[in-house]
Amino acid sequence: MHLGEVARHSPTKTAVVLEERRISYAALDAASRKIARLARDHGLTRGSVLAVIAPNGPEFLAAVTAAQRSGLYALPLSTHITSEDLHYILNDSGATLLFLGQELSGLVDAAQLRQAGCTAICFEEITRLFTVENAPGETDPVEGGDMLYTSGTTGKPKGVRKPLSYSVLGSDGGRSERLRSLFAFDTDSVFLSPAPLYHAAPLRFATTLLRIGATIVLMHKFSAPEALQLLGREKVTHSQWVPTMFRRLLDCEPAQKEALVAPLHRCAIHAGAPCPVGLKREMIAWWGPILHEYYSGTESIGFTHITSEEWLQKPGSVGRPWGCAVHILGDSGERLGPKQTGTVYFSGRGSLSYHNDPEKSEQATSREGWATMGDIGYVDHAGYLYLTDRLAFTIISGGVNIYPREVEAALYEYRKVKEAAVFGVDDSDLGEAVVAVIELALDSDPTLTTAQAIRDFLDERLARFKKPRWIAFQTALPLTDSGKIHKARVRDHWREEALVVFDHAALSGAKACTTA
């Protein structure tokens, strides 16, 4: 199905909820068709790129679905994008039309737009967008797609887009089938999406669910107490989170958590970042075995999935592949066996091609034609995948690989650690030394005694060479707008943003850790 078909069968059904706003399928479909017609009037044809900058809301979804029903690429952009990055992405993507909210018009520089060959239109300039009257008929109803830019740890973001088939609108049912099969979505589902829609997972879940006929509940910005209220008030059946949101939910006041009554909530989906084992156990103990975890990415080259029941038997795993195959390769491209750690590659979902960057595309492709998103991990004998880190953050100390996620997982077991980011810094002796930047729980102080207690705690959990050479404390670790720890920023500014920094010599009276 597709948005227009759902609107014809169930015109009055609620498609989108945002606070007091409730937009029907008929109204959303009408707005989508108006934007599609406007895009065509501005010269966009099959394969053109329509960019969107807007806060969470029906306007955003109307613009994206307009592209996806017209053989166009929808290019969602962050509402926090810098002028420099906006200029770069518009030029790199070739976008010729930009829809944006009036409150975000300050992001746009007219000279930059002219240089990029792009025209900007505010949603407010489209009168009566969500009125069904005078909505144009379907124009060029073929399948489009999305174009998303990866937020890499180094260099400029890279665009990812799949070739378009321009098949009949409604014929692209792959994602719909996956959501039905793995998470039991149907027309009666009510989906809470608390993250920004311009990220890959919220965007793709929302647009796919509009093809199924579900109701989508949005938030302007994530708030743990508000999210708990929405679960009950809107009779939510499915929800989507990142682990940092779980931590915020668990940190709510006892009265707020006790007030949660959501008997219809049967599936809580999470991904986007590694979930500490202890944190996930707490969530399952609170909500029951309704957590579903998956591993995928903007590149859409692979997908794994694991239920709560499976995870309790395989803690730390991100599941087994669905609709694809997983391969673990060593540094020389050799195939590795079970329990051997290497780079995670996928096959069976198509090749990987970064827009205007053949060199990066080649680096992410094995000689067999398999593709990687740059993660490190291993597969056990039963075929379950475990991620150990991002390739870009692997620390090489004294010639030995150290995977920060392993150190972070050990730190999260310590009750006073609320958030942690581990990475490497240059070291004249070992090449790289391990740094741990920690946000403590509210009842803890960043003192030498605390740092020493943390290192003592790690003694029983980590080999000596994996323990942090430096321990730094910050008031709060910076988060991306999707709720993940902004590790690149932490790494780049850890000294100047730290409340206090302790090194190994201060903690133990010994020299820096070695691999011996």
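If R0 equals 30 Å, the separation of the Cβ atoms of ASN91 and ARG489 corresponds to a calculated FRET efficiency of about 0.75. Seen against the Cα atoms of the chain and their longest principal axis, helix 200-212 is set at about 40 degrees. Near ASP380: Cβ cut-off under 15 Å, other residues only, Lys/Arg at +1 and Asp/Glu at -1. The net charge is +2. Sorting the segments 375-384, 468-477, 65-74 by their residues' average number of neighbouring beta-carbon atoms within 10 angstrom, most packed first, yields 65-74, 468-477, 375-384. From its DSSP helices (H runs of at least four residues, each -39,500 (n - 2.57)), the chain gives a residue-normalised ellipticity at 222 nm of -9000 deg cm²/dmol. Building the convex hull from the alpha-carbon atoms of the range 377-516 and averaging its projection over directions returns 9.4 nm².
Pairs with C-alpha atoms separated by more than 25 Å, drawn from the list LYS221/LYS467; LYS257/LYS280; LYS235/LYS416, are LYS221/LYS467; LYS235/LYS416.
Extending 7 Å from Cα along the Cβ direction at ALA382 and again at GLU413 yields two label points whose distance is 2.1 nm.
Counting protein heavy atoms only, the chain has 49 percent of its accessible area on carbon and sulfur, 1.4 angstrom probe. Residues whose amide H falls under 5 Å from that of GLY47, counting only those 5 or more places apart or on a different chain, are LEU72, TYR73, with hydrogens built in the peptide plane. Here are a few candidate values for Rg and Dmax of the Cα atoms in Å: [x] 34.9, 120; [y] 26.8, 93; [z] 23.7, 77. Which one was actually calculated from the structure I just gave you? Computed from these coordinates, Rg and Dmax of the Cα atoms in Å corresponds to label [z]. Ordering PRO76, VAL236, SER353 by Cα displacement along the dipole of the chain toward the positive end leaves VAL236 in first place; charges were set at the Cβ atoms of Lys, Arg (+1) and Asp, Glu (-1).
Beta bridges per DSSP, both residues in the chain: antiparallel share near 60 percent. Under 19 Å from a label point 7 Å along Cα→Cβ of LEU499: give me every residue in the range 441-458 with its amide N that close. From the range 441-458, the list is 441-456. Remark on SER24: its backbone amide H falls under 5 Å from those of ALA15, a criterion applied only to residues 5 or more positions apart or on other chains, H modelled at 1.01 Å from N. With a Förster radius of 41 Å applied to the beta-carbon distance between ALA111 and LEU264, the computed FRET efficiency rounds to 0.20. Here the extension length gained between GLU334 and ILE290 equals 12.1 nm, from 0.36 nm per residue of separation less the Cα-Cα distance. For the range 1-79, applying the loop criterion from DSSP together with a ceiling of 14 other beta carbons within 10 Å to the GluC sites (Glu not before Pro) yields GLU19, GLU20. In this structure, the amide hydrogen of GLY319, modeled 1.01 Å from its nitrogen in the peptide plane, lies closer than 5 angstrom to those of LEU385, counting only residues at least 5 positions away or on a different chain. Magnitude of the charge dipole for the range 385-460, about its Cα centre and with charges confined to Cβ atoms of Lys, Arg (+1) and Asp, Glu (-1), is about 200 debye.
Against the main long axis of the alpha-carbon atoms of the chain, helix 58-68 sits at an angle near 80°.
In the chain, the longest principal axis of the Cα atoms and the axis of helix 83-93 are about 60 degrees apart.
Surface analysis of the chain yields an accessible area of 42 Å² per residue, using protein heavy atoms and a 1.4 Å probe.
The values are calculated or read from the model by the stated rules, or taken from the named source; none is laboratory data. The shown structure was predicted, so the numbers you read here are calculated from the model rather than taken from an experiment. All Cβ positions, even for glycine, are placed from backbone atoms using ideal geometry, and neighbour counts span all protein chains on display. Each accessible area value is taken on the protein alone, full model and side chains, heavy atoms only, with ligands, DNA and RNA left out. Shrake-Rupley method; radii C 1.70, N 1.55, O 1.52, S 1.80 Å.
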